[in-house]
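The values are calculated or read from the model by the stated rules, or taken from the named source; none is laboratory data. Predicted model, so just to flag it, every value in this text is computed and none were measured. These area figures cover heavy atoms from the full protein model, side chains too; ligands, DNA and RNA do not enter into them. Shrake-Rupley method; radii C 1.70, N 1.55, O 1.52, S 1.80 Å.
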Amino acid sequence: RLLESIPETDVVGLRDRALIALMTYSFARVSAAVGMKVDDLVQTAGRSWVRLHEKRGKVHELPIHHKLLDHLDAYLAVAGHRKDPKAPLFRSARGRTGELTDRPMSRYDAYAMVRRRASAAGVVAKIGNHSFRGTGITTFLLNDGTLELAQEMANHSSPRTTKLYDRRKDRITQDAIERIRLE
């Protein structure tokens, strides 16, 4: 619902959709996402990959989900910095002008954007940048993904850490509660 609520009519909206999609489809940490350069979108042998520079200097590469690739392509087509490999992928906006600067977004910029977009979409739950990591992992597991593969995709050293993001039980609990009918 959040992604669908963000307008695709301007470069800032396209950027916001692409960043949220990246954090959801790749389980990326916000610092790794906003720290990306254009050349961290890698094309090899006809496949697209995302290169994330994670904590403690780890580099983590993942294939790009086709929907994420659509969001990234739409953003870069309008943003105009696709041909500048060392440029920040996600650039900050210049106030409310609707223009992007040459500077990268910070994780604080990303948090403010997520809160603003969630409020505009009518999302009442308090969500932040890290919410998308949990959403991605939970959705992956709900669609028959394995915990081991989710762990590898999230770049967690322990499956216990990955289990902390598994919200499937929250969903089941909500479903059970909704079965309570008072006449």
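Among the lysines, select those whose C-alpha is under 26 Å from the C-alpha of Lys169, and discard any that sit fewer than 8 residues away in the same chain.
Lys126
Give the carbon-plus-sulfur fraction of the accessible surface of the chain in %, rounded to a whole number; probe 1.4 Å, heavy atoms of protein chains only.
Accessible surface attributable to carbon and sulfur in the chain totals 51 percent.
Name the residues whose placed amide hydrogens come within less than 5 Å of the amide hydrogen of Ser92, ignoring near sequence neighbours (fewer than 5 apart) on the same chain.
Hits under the 5 Å cutoff: Thr101, Arg103, Met105.
Keeping every protein chain present and rolling a 1.4 Å probe, give me the accessible area per residue for the chain in Å².
60 Å²
Along its three principal axes, how long is the range 90-145 when you only count alpha carbons? Whole Å, largest extent first please.
Principal axes ranked by extent give 42, 24, 16 Å for the Cα atoms.
On average over all directions, what projected area in square nanometres does the range 71-115 have, based on the convex hull of its Cα atoms?
Hull-based average projected area comes out at 3.5 nm².
Relative contact order for the chain: what percent, with Cα pairs under 8 Å and sequence separation of 6 or more?
It rounds to 23 percent for the chain.
Any chance you could run the full-extension gain for Lys86 through Val123? It's 0.36 nm times the residue separation minus the Cα-Cα distance, nm to one decimal.
My answer for the length gained is 9.8 nm.
Starting from the Cα of Lys86, draw a straight line to each of the lysines and keep only those under 22 Å, dropping any in the same chain fewer than 8 residues away.
Reachable lysines: Lys37, Lys55, Lys58.
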